[in-house]
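Remarks on the structure that follows.
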Amino acid sequence: MKKIHFKTINSTNTYIKENYKDLPNFTCVSSAHQSQGHGRYNRNWESNNNENLMFSILIKNKKLIEKFPSISLAIATCILKLLTSYKIKNISIKWPNDVYVNDKKICGILLEGIANECLIIGVGLNVNQTNFSKEIEDKTTSMINIKNKKTSIFLLKNKLYKLILKELNKIEFDDKSYLEIVRNNNYLKDKEVFASINNKQELVKVIDVNEDNS
């Protein structure tokens, strides 16, 4: 795994998109600060300088690119395992790309790709940030707010890299064991959500996650 770290950058996902042709498979790009970090639907990702874990991983392996529907949830299970190792409880996975603790978001995962060429996994994990903006403070948490003590981002990152590499290797060979973890820790289970059915938004009850990750 090639590792690149920046003190500040616009976005680790953007950096990989602009440079992926010159980077090897499994290149990991992290940053202490991102000026234009973003999540799904280009929503801003709020993070103070050098307080959280933010990184992106480049996937060029064709078999893994084809399995992209599995990857977001599989990465979420890696976050769950990581947080569990720090004795954090009440962790759940919100389909398709968030991790929650005590009903508050602690991690977001963003997949972006360039068709048939690469897949980029972006991860933002709240670690040592204690205060968030009024817009999200009631629905966001961090490791320090749960544990009441700081965590080494360097050690955390290395542990998570190892978990992710192991999980990606399993996915490449059609191992779907991550699905059991998702199902056992499904944040949306038995909740009502809006879903698009025949091009209409309808209120439905979530029962489970399907084999195809839907």
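General remarks:
- Every listed requirement among (1) open to solvent by 10 Å² or more (accessible area, probe 1.4 Å); (2) out of contact with any strand residue (DSSP E or B) (no Cβ under 6 Å at 6 or more places or on another chain); (3) assigned to a helix (DSSP H, G or I); (4) modelled with pLDDT of 95 or more is met by residue 20 save one, (2).
- Any hit, segment 68-76, residues being under 23 Å from residue 187 (Cα atoms), of a type in the set (Ser, Thr, Tyr) and assigned to a loop (DSSP other than H, G, I, E, B): no
- Check on residue 136, of a type outside the set (Ser, Thr, Tyr) and either open to solvent by less than 40 Å² (accessible area, probe 1.4 Å) or assigned to a helix (DSSP H, G or I) (or both): no
- Residue within segment 84-94 that is part of a helix (DSSP H, G or I) and either buried (at least 17 other Cβ atoms within 10 Å of the Cβ) or out of contact with any Cys (no Cβ under 7 Å at 6 or more places or on another chain) (or both) present: yes
- Condition met for residue 76 (open to solvent by 10 Å² or more (accessible area, probe 1.4 Å) and either modelled with pLDDT under 95 or under 25 Å from residue 195 (Cα atoms) (or both)): no
- The residues in segment 152-169 that are in contact with a strand residue (DSSP E or B) (Cβ under 9 Å, 6 or more places away or on another chain) and assigned to a loop (DSSP other than H, G, I, E, B) can be counted, and the count is 0.
Conditions (1) open to solvent by less than 90 Å² (accessible area, probe 1.4 Å); (2) touching a helix residue (DSSP H, G or I) at 6+ places or on another chain (Cβ under 8 Å); (3) at negative phi; (4) without any contact (Cβ under 8 Å) to a residue 24 or more places away in the chain, marked per residue:
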residue: 110; (1), (2), (3), (4): yes, yes, yes, no
residue: 132; (1), (2), (3), (4): yes, no, yes, no
residue: 145; (1), (2), (3), (4): yes, no, yes, yes
residue: 164; (1), (2), (3), (4): yes, yes, yes, no
residue: 180; (1), (2), (3), (4): no, no, yes, yes
residue: 185; (1), (2), (3), (4): yes, yes, yes, no
residue: 191; (1), (2), (3), (4): yes, no, yes, yes
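- Checklist (1) among the hydrophobic types (A, V, I, L, M, F, W, C); (2) open to solvent by less than 40 Å² (accessible area, probe 1.4 Å); (3) under 19 Å from residue 209 (Cα atoms); (4) touching a residue at least 24 places away in the same chain (Cβ under 8 Å) applied to residue 195, failing item: (4)
- Against the test of being modelled with pLDDT of 90 or more and open to solvent by 60 Å² or more (accessible area, probe 1.4 Å), the options 27, 12, 8 yield a single qualifying residue, 8.
- Any hit, segment 152-173, residues being over 19 Å from residue 80 (Cβ atoms) and among the basic types (Lys, Arg): no
- Qualifying position, being closer than 20 Å to residue 86 by Cβ, assigned to a strand (DSSP E or B) and touching a residue at least 40 places away in the same chain (Cβ under 8 Å), among 99, 123: 123
The values are calculated or read from the model by the stated rules, or taken from the named source; none is laboratory data. This is a predicted model, so every value here is computed, not measured. Here the Cβ is made from the backbone with ideal geometry for all residues, glycine too, and neighbour counts use every protein chain on show. Remember, those area values only see protein heavy atoms, side chains included, never the ligands or the DNA or RNA. Shrake-Rupley method; radii C 1.70, N 1.55, O 1.52, S 1.80 Å.
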